[in-house]
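*Asks:* First the structure, then my questions, so here it is.
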Amino acid sequence: MRRTCVIGAGPSGLAAGKVLTSRGIPFDCYEAGSHIGGLWRYENDNGMSGVYASLHANISKESMSFSSLAMPADGPVFPHHSQVLAYLEEYAASSGLHRHIAFGTEVTSVRPLDGGGWEVVHRRRGDTGAGSVTRRYTEVVVANGHHWDPRLPDPAVPGAEEFEGLSAHSHAYRTPEPYAGLRVLVVGMGNSACEIAAEISRTAARTYLSARDPVHVFPKMLLGRPADHLAVSPLAALPRFVKGPAMTLLLRLSRGAPERYGLPRPARGPLVAHPSSSDELLVQLARGAVTPKPGLSSFGRDSAAFTDGSRETVDAVVYATGYSLSFPFLSPSVFAAPDGRTDLYLRTVPPGLPGLYFMGLAQPAGAAFPLLEPQAQWIADLIEGTVALPAPERMVRAIRRERRRDSGTYVPTYRHGIEIDVRAYQKVLRRELRAGRRRARGARPAGV
């Protein structure tokens, strides 16, 4: 009897569950935490949420909504994390997903079986191996997220072990109170780094923001509309060589040159890196509450040195240096992403591993939620057999082509290993669905 396993009850796992439920496909979902929501549940007891107390989505509610359920029209443009969680609760309840979810259950092993199918081992969170349960599934959908395994600088910054001040990854940051009155260094220039530095700077004695590479900082609103709406505007359909300069001009007109805020001019255009968005940071830079610094080169007992030769006394450091792609229940010999890049056909299917699928490992410039249900629909079609995949060797070639294309589009950093262009991804997925239906029809015996 066919039965699918879904790992995780965050946004990706919920989208998978909603589609599988609507198709009548039997499945079990295992969630290490006591509730749904994944990273959007503040202080999630699965230990995987890095949401801090004041966090608001940096994507507008219109762009963030699932295709089957709009966020409340009377809510704020950029909802607080508690409002996003309430939305996810409504989404789960509307399809009766809770009855399919085993909460407080940790998947410890997933391995392929000879002859097909997958062995899944799980246990109650906190139990020893003696309480493990082994089950067989025909398919496994991995939806364990990619913002939960903190990644520190590698190699470690020289002298980091000698630093005597507070040291933490942004995943552990919750409120600015522990940093009040201190001289704080925030390392990184992504969304978390920008917002945390701005928040800490309101009560810290000094706040430094160290960026190895200068980036464009987008305001959340452009021309009176959420900036993320540009991803689906006519501007997004322009050729990249036109779109890049147009975006640079729009940013210059809306917020001025980066140098006006003390930031160095980015060497690259605004579309080659995942956008960093923060109005608060720009204000705090203009006030002098945040001091930009170049890349971090070393630590002393109570200081940090930078690549321009300067050194500052610091009492605390917050590493907003991103996350690793981790799948602790999968042997690296089965699947891994050591360089932050996934060998997945359309960010979903690992060639040569039938019945294994991945959700949510595509990072768009805008919101990921709208991509999840179409991805889950494709997986459900594959499970039902209404579409068929290309041969594994063709998928491998397609993955290599995509990687070559991305290497010429995005900066070659770990953070951008799963970056995608939303429009291009949606177009390719639609094309694959049509081709997959033709393959499935051609594979059926005559008369069936």
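The values are calculated or read from the model by the stated rules, or taken from the named source; none is laboratory data. Note that the coordinates shown come from a computational prediction; the quantities given were computed from them, not determined experimentally. All Cβ positions, glycine included, derive from the backbone under ideal geometry; neighbour counts span all protein chains shown.
*Asks:* Report those helices (runs of 4 or more DSSP H) wholly inside segment 349-448 carrying at least 2 residues which are of a type in the set (S, T, N, Q).
*Replies:* The helices (runs of 4 or more DSSP H) meeting that bar are 369-384.
*Asks:* Right, something else. Go over the candidates 353, 372, 344 one by one and state the one that is touching a Phe, Trp or Tyr at 6+ places or on another chain (Cβ under 8 Å), more than 30 Å from residue 183 (Cβ to Cβ) and surrounded by fewer than 17 Cβ atoms within 10 Å (Cβ to Cβ).
*Replies:* Sole residue among the options that is touching a Phe, Trp or Tyr at 6+ places or on another chain (Cβ under 8 Å), more than 30 Å from residue 183 (Cβ to Cβ) and surrounded by fewer than 17 Cβ atoms within 10 Å (Cβ to Cβ): 353.
*Asks:* Which numbered condition in (1) touching a helix residue (DSSP H, G or I) at 6+ places or on another chain (Cβ under 7 Å); (2) surrounded by fewer than 19 Cβ atoms within 10 Å (Cβ to Cβ) is the only one that residue 307 fails?
*Replies:* (1)
*Asks:* Please work out if residue 426 is buried (at least 18 other Cβ atoms within 10 Å of the Cβ) and under 20 Å from the mean Cα position of the chain (by Cα).
*Replies:* No; evaluated as a whole, the condition is false for this residue.
*Asks:* With 204, 227, 211 as the choices, which residue is farther than 30 Å from residue 423 by Cβ and surrounded by 16 or more Cβ atoms within 10 Å (Cβ to Cβ)?
*Replies:* One residue alone meets the criteria, 204.
*Asks:* Take the residues in segment 1-17 that are of a type in the set (Gly, Ala, Ser) and assigned to a helix (DSSP H, G or I), then tell me which one is surrounded by the most Cβ atoms within 10 Å (Cβ to Cβ).
*Replies:* 16
Yes/no per residue for (1) modelled with pLDDT under 95; (2) not assigned by TED's automatic domain parsing to the domain that holds residue 331:
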site: 103; (1), (2): no, no
site: 124; (1), (2): yes, no
site: 136; (1), (2): no, no
site: 176; (1), (2): no, yes
site: 180; (1), (2): no, yes
site: 198; (1), (2): no, yes
site: 202; (1), (2): no, yes
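*Asks:* Oh, and also: I'd like to verify a number: residues in segment 380-404 that are loosely packed, with under 15 Cβ neighbours inside 10 Å and either touching a helix residue (DSSP H, G or I) at 6+ places or on another chain (Cβ under 8 Å) or without any contact (Cβ under 8 Å) to a residue 12 or more places away in the chain (or both), how many?
*Replies:* Selection size over segment 380-404: 9.
*Asks:* Give segment 251-260 a look and list any residue that's of a type in the set (D, E, K, R) and touching a residue at least 12 places away in the same chain (Cβ under 8 Å), or say none.
*Replies:* 255, 260
*Asks:* Right, something else. What do you reckon, is residue 20 assigned by TED's automatic domain parsing to the domain that holds residue 121, surrounded by 17 or more Cβ atoms within 10 Å (Cβ to Cβ), closer than 30 Å to residue 200 by Cα and touching a helix residue (DSSP H, G or I) at 6+ places or on another chain (Cβ under 8 Å)?
*Replies:* No, not satisfied.
*Asks:* What pairs can you find where one residue is in segment 347-358 and closer than 10 Å to residue 396 by Cα, the other is of a type in the set (Phe, Trp, Tyr) and in a loop (DSSP other than H, G, I, E, B), and their Cβ atoms are less than 9 Å apart, with a gap of 6+ or different chains?
*Replies:* 350/335
*Asks:* Somewhere in segment 261-272, is a residue in contact with a strand residue (DSSP E or B) (Cβ under 9 Å, 6 or more places away or on another chain) and on the phi > 0 side of the Ramachandran plot?
*Replies:* Yes - at least one qualifying residue is present in segment 261-272.
*Asks:* Let me ask something additional. Could you check segment 311-341 and list, in sequence order, the residues that are closer than 30 Å to residue 181 by Cβ and touching a residue at least 40 places away in the same chain (Cβ under 8 Å)?
*Replies:* 312, 313, 314, 315, 316, 317, 318, 319, 320, 321, 322, 323, listed by residue number.
*Asks:* For residues that are touching a Lys or Arg at 6+ places or on another chain (Cβ under 7 Å) and assigned to a strand (DSSP E or B), scanning just segment 313-338, find the one that is modelled with the highest pLDDT.
*Replies:* Taking the candidates together, the pick is 313.
*Asks:* Residues of segment 122-135 being over 26 Å from residue 42 (Cβ atoms) and in contact (Cβ under 8 Å) with a residue 60 or more places away in the chain, which ones?
*Replies:* Scanning segment 122-135 gives a single hit, 135.
Quick grid of which residues meet (1) touching a residue at least 40 places away in the same chain (Cβ under 8 Å); (2) in contact with an Asp or Glu (Cβ under 7 Å, 6 or more places away or on another chain):
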{"residue": "196", "(1), (2)": "yes, no"}
{"residue": "216", "(1), (2)": "yes, no"}
{"residue": "221", "(1), (2)": "yes, no"}
{"residue": "224", "(1), (2)": "no, no"}
{"residue": "249", "(1), (2)": "no, no"}
{"residue": "262", "(1), (2)": "no, no"}
{"residue": "280", "(1), (2)": "yes, yes"}
